[in-house]
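Report on the structure given below.
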Amino acid sequence: MPPRIRIFDTTLRDGEQTPGASLTVDEKVSVARQLARTRVDVIEAGFPAASPGEAEAVRRISQEVGAGEDAPAIAALARCVPADVTVAAAALEPARRRQLHVFIATSDIHITHKLRTNREDVLERIRTCVAQARRMVGPDHDVEFSAEDASRSELPFLLAAYEAAVQAGASVINVPDTVGYAEPKEFAAVVKQVVKLVGKRAIVSTHCHNDLGLATANTLAGIQAGARQVEVTVNGLGERAGNAALEEVVMALRTRPAQFRAATTNVATEQLTATSRLVSYLTGIVVQPNKSVVGANAFAHESGIHQDGFLKNPLTYEIMTPESVGLSGSTLTLGKLSGRAGFDERLRRLGIHVEPETLDTLYAEAITLGDQKKQVTDADLLALAEQHADPVPQLVGLEHWAAASRQGESSSGNVSLFYEGKTFRAFAGGNGPVDALLSAVDNALEQIIGGRPQLVDYQLRSIGQGEDAQGEATVKISAPAGDGDVPQIFTGHGLSTNVVEASLRAYIAAVNKLIAEHPVAADAVAAARQRREGGNPVPTPAGSHP
Ligand code: KIV
Ligand code: ZN
């Protein structure tokens, strides 16, 4: 029988540890829904003990994505600490299939310097916490044990740790190459030993990081050595240089079956492009054009010799088809007279999934865009659809903006925002129209939330080509961090044929996420409201002009 490889996606846990990639709870639910459509087997939804927001995300994903008959299993991470295991088990409760993932480091460098303990204590913690996890999820669900830094652990001790975990009730044994140090032969040798040790008592899994660019190669070597679960992320996101990329591992298995005893996965590969795009959109982390499988150039043929060969027979230079990963090269021309049936079919072929109630809005938006530009391309359609996949709370709205800008002079901008039925106007100067308008928004926000966010990143890209291409702005802002915390980042997008408006919309989208999710925002908004309504004048910052 060809082996069946279980795809464990950790985009929402390890992937979210990518610097600057933090997602709101609603955004995590959107990604989880798309992962379910991609038919991964397990979604690691988060690390519930890390924060109340993480616990809520795992619970909501368990409820909203993991409760159905065919739903993927939902996993939650816990340190080998009883309180972590308790919180993770509770967050997973609504899920139909649960995988409680317990980890502790087994390398001497981690045991001595990070945990400041000894091997005996590590074994004892494994026995206690894996047994607790097993009791809490019961016999029908999975308990996974990970030996952090396995690839740098002394082999006999690593095997003793895995033996302790299996005896305490672990049904999945994970071999992480935590710091991306292993090379394929060496990693395969470790996996082989672990497979031999656990036999049929547990599934052996890999978890490879990409510090030396070997994460996918190591994962595939692990499969050849007998691993039957692989931990991967969309676009290879993850701590530092990232994790093995889901799309690379899955397409390698599909393209080279003879190398992997015809191993199969359950992944709907035609969803891979849509999944990659959604994750890139919501995290604001751009996929490099030459990224394998999902990069913009992955199926582009530039040189004359390649083009000639490709046109004679695509097999000359293409080892997989663009369609197999959900890419269609064609462009769609949409206009006032375009039919609805063709539109629906095009969405289906592009792997775009929107809720039925959003379909009419999307169609209307595409037709309106068709009035503004000559051609509505697939790229435009994907960008419009992504906006609907991004759950932006509608709290602060943009009523009006105007900007003036001249060569050699500073620019000025004024905006009207509405919030809770009232209009807030502000003016500011700046270095160019975008700077002036964002400063004007900040001045208006002083009146609404009594503070101004920090701009962390701003990017502008063109959607499609040509003089009438749309501009998509991506803005990242941060809210102030509590003591010792990393500041939470909120990402907003704006799409328009006018790049100034796209920038403004992106900023306001990020602000809305901040106001809706940041724990101190509610208090700040209430205090600002009281100052406004209690008759105390709201301080007017320099440059603002109500
Ligand atoms: O890289 C790692 O070791 C991890 C574990 C928690 C599995 O992410
Ligand atoms: Zn990791």
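Taking 0.36 nm per residue of separation and subtracting the current Cα-Cα distance, fully stretching the chain between Lys200 and Asn498 would add 101.3 nm.
Taking all Cα pairs closer than 8 Å and separated by 6 or more residues, the relative contact order of segment 184-241 comes to 43 percent. Projected over every direction and averaged, the convex hull enclosing the alpha-carbon atoms of segment 5-67 yields 4.2 nm². Rounded to the nearest 10 degrees, the angle from helix 356-372 to the longest Cα principal axis of the chain is 50 degrees. With pairing defined as another cysteine C-beta under 4.7 Å, the cysteines of the chain that fail it are Cys208. Only the Cβ atoms of Lys and Arg (+1) and of Asp and Glu (-1) were treated as charged; on that basis the dipole of segment 1-131 about its Cα centre amounts to roughly 260 debye. With distances taken between every two different alpha-carbon atoms, segment 405-475 has a Kirkwood hydrodynamic radius of 13.7 Å.
Using the rule -39500 (n - 2.57) for each DSSP H run of four or more residues, divided by the residues of the chain, the 222 nm mean residue ellipticity is -12500 deg cm²/dmol.
List the equivalent ellipsoid semi-axes of segment 204-277 in whole Å, largest first, each obtained as the square root of 5λ for an eigenvalue λ of the Cα gyration tensor.
The three semi-axes for segment 204-277 are 18, 16, 9 Å.
Probing with 1.4 Å while keeping every protein chain in the model, the per residue accessible area of segment 6-283 equals 36 Å².
Using the Karplus relation 6.51 cos²θ - 1.76 cosθ + 1.60 with θ = phi - 60°, the per-residue 3J(HN,Hα) values for segment 501-508 come to 5, 4, 5, 5, 5, 4, 5, 5 Hz, with x marking Gly and Pro.
Measuring between their Cα centroids, segment 87-126 and segment 358-397 lie 44 Å from each other. Electrostatic tally near Leu438: other residues with Cβ closer than 15 Å to its Cβ, Lys and Arg +1, Asp and Glu -1, net -2. Simple point charges give the picture: +1 on the Cβ of Lys and Arg, -1 on the Cβ of Asp and Glu, and for the chain a dipole about the Cα centre of about 960 debye. A straight Cα-to-Cα reach below 19 Å connects Lys192 with the aspartates and glutamates Glu144, Glu148, Asp149, Glu154, Glu163, Asp177, Glu183, Glu231, residues fewer than 8 places away in its own chain not being considered. Using 0.36 nm per residue and subtracting the Cα-Cα separation, the extra length available between Ala50 and Met320 on full extension is 93.2 nm. A Förster radius of 56 Å combined with the Cβ-Cβ distance from Ala364 to Val81 puts the calculated FRET efficiency at roughly 0.60.
For the chain, relative contact order (Cα pairs under 8 Å, six or more residues apart, normalised by length) works out to 10 percent. Asp108 contributes about 70 Å² of solvent-accessible surface, heavy atoms of the protein only, 1.4 Å probe.
Its Cα gyration tensor gives the chain an equivalent ellipsoid. The semi-axes, each the square root of 5 times an eigenvalue, are 43, 31, 20 Å from largest down. Select from Ala241, Ala133, Ala83 the residue farthest towards the positive end of the dipole of the chain; place +1 on Cβ of Lys and Arg, -1 on Cβ of Asp and Glu, and compute about the Cα centre. Positive-end residue among those listed: Ala133.
When the Kirkwood hydrodynamic radius is evaluated over all pairs of different C-alpha atoms of segment 6-283, what value in angstrom, to one decimal, is obtained? Mind dumping the intermediate values first?
Values: mean 1/r = 0.0549 Å⁻¹.
Result for segment 6-283, one decimal place: 18.2 Å.
Given their separation in residues at 0.36 nm each and the Cα-Cα distance between them, Ile109 and Ser416 gain 104.8 nm when the chain is fully extended. For Lys374, the aspartates and glutamates whose Cα comes closer than 12 Å to its Cα, not counting residues fewer than 8 places off in the same chain, are Glu467, Asp468. In the chain, the DSSP beta bridges split such that about 50 percent are antiparallel, to the nearest 5. Report ³J(HN,Hα) in whole Hz for each residue of segment 314-328, in order, from the Karplus equation J = 6.51 cos²θ - 1.76 cosθ + 1.60 where θ = phi - 60°; Gly and Pro get x. The phi angles translate into x, 5, 4, 10, 10, 8, 8, 8, x, 4, 5, 10, x, 9, 10 Hz. Simple rule: put +1 on each Lys or Arg Cβ and -1 on each Asp or Glu Cβ in segment 300-389, find the dipole, and look at Gln372, Leu311, Leu350; the Cα lying farthest toward the positive end is Leu311. Sorted largest first by accessible area at a 1.4 angstrom probe radius, with every protein chain in place, the residues Met251, Met1 fall in the order Met1, Met251. Charges were assigned to the Cβ only: +1 to each Lys and Arg, -1 to each Asp and Glu. The resulting dipole of segment 300-389 about its Cα centre is roughly 300 debye.
Leu246 contributes an accessible area of around 0 Å² to the protein surface, as traced by a 1.4 Å probe with all chains present. For segment 272-384, relative contact order (Cα pairs under 8 Å, six or more residues apart, normalised by length) works out to 24 percent. Counting other Cβ atoms within 10 Å, which GluC sites (Glu not before Pro) in segment 369-436 have at most 12 and lie in a DSSP loop? Loop-located and lightly packed - Glu409, Glu420. Label-to-label distance, Glu183 versus Ile305, with points set 7 angstrom from Cα along the beta-carbon direction: 3.0 nm. Checking every one of the GluC sites (Glu not before Pro) in segment 11-103 against DSSP loop status and a limit of 10 other Cβ atoms within 10 Å picks out Glu69.
How much of the accessible area of segment 397-534, probe 1.4 Å, is carbon plus sulfur, in whole percent?
C and S atoms contribute 47 percent here.
For a straight C-alpha distance cut-off of 12 angstrom, the aspartates and glutamates reachable from Lys513 (same-chain residues fewer than eight places away being disregarded) are Asp26, Glu27, Asp390.
The values are calculated or read from the model by the stated rules, or taken from the named source; none is laboratory data. What you see is a predicted model; the values in this text were computed from it and never measured. Ideal geometry is used to build each Cβ from the backbone, glycine not excepted, and the neighbour counts take in all protein chains shown. Keep in mind that these areas ignore ligands, DNA and RNA; they rest on the heavy atoms of the full protein, side chains included. Shrake-Rupley method; radii C 1.70, N 1.55, O 1.52, S 1.80 Å.
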